[in-house]
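Below: the structure, in structure tokens.
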Amino acid sequence: MPDSLQTVINMARMIRIHIVTGGILAYSLGALLAILGGSSLDLTSATIGYLIIFLADLSTHYSNDYFDFAMNPSDERNKTFGGSLVLADHPELRAASRLIAIALIILSISIASFSLSFHLIPPS
């Protein structure tokens, strides 16, 4: 397998799908409770809102691995909510992990700011 493809696979392994799934469920429950409370469903606002949360959530996956690098020995593989331990096996990806975390949080904040400025999502 080419090194660049293996790098992409390793970077993708830092995403914990069970945490992303929990975020989707929590966000959906919040939207459902708002609807049950009398709000109308605006699919555009809900989608943009979830995109903002999703990008911020992904940022935490990469920053968690980056900051926990020294704390995660490569033989601790049984943590449900801990880091992916990819960086323990591939420390050369640490800088990329940090860059991705920063880029994702900046993108999340930018979309939120743009959306609120142009009233694509209503302020709470």
- Among residues of the stretch 1-38, those that are in contact (Cβ under 8 Å) with a residue 24 or more places away in the chain, closer than 17 Å to residue 94 by Cβ and in a helix (DSSP H, G or I), counted: 3
- Taking first residues from the stretch 47-63 that are farther than 23 Å from residue 95 by Cα and second residues anywhere that are assigned to a helix (DSSP H, G or I) and of a type in the set (A, V, I, L, M, F, W, C), the pairs with Cβ under 8 Å that are 6 or more apart or on different chains are 48/111; 50/24; 51/111; 52/111; 52/112
- Could you list all residues from the stretch 88-108 that are farther than 9 Å from residue 63 by Cβ and among the small types (Gly, Ala, Ser)? 88, 95, 96, 103, 108
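Table: residues versus (1) more than 25 Å from residue 99 (Cβ to Cβ); (2) of a type outside the set (S, T, N, Q); (3) at pLDDT 95 or above.
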| residue | (1), (2), (3) |
| --- | --- |
| 1 | no, yes, no |
| 4 | no, no, no |
| 18 | no, yes, no |
| 22 | yes, yes, no |
| 39 | yes, no, no |
| 43 | yes, yes, no |
| 47 | yes, no, no |
| 52 | no, yes, yes |
| 58 | no, yes, yes |
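Could you tell me whether the stretch 30-44 includes any residue that is at positive phi and surrounded by fewer than 14 Cβ atoms within 10 Å (Cβ to Cβ)?
Yes: one or more hits.
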- Odd one out for residue 41 among (1) in a helix (DSSP H, G or I); (2) farther than 30 Å from residue 94 by Cβ; (3) over 18 Å from the mean Cα position of the chain (by Cα): (1)
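The values are calculated or read from the model by the stated rules, or taken from the named source; none is laboratory data. Just so you know, these numbers come straight off a predicted model, no measurement behind them. Note that each Cβ is placed from the backbone with ideal geometry, even for glycine, and that neighbours are counted across all protein chains shown.
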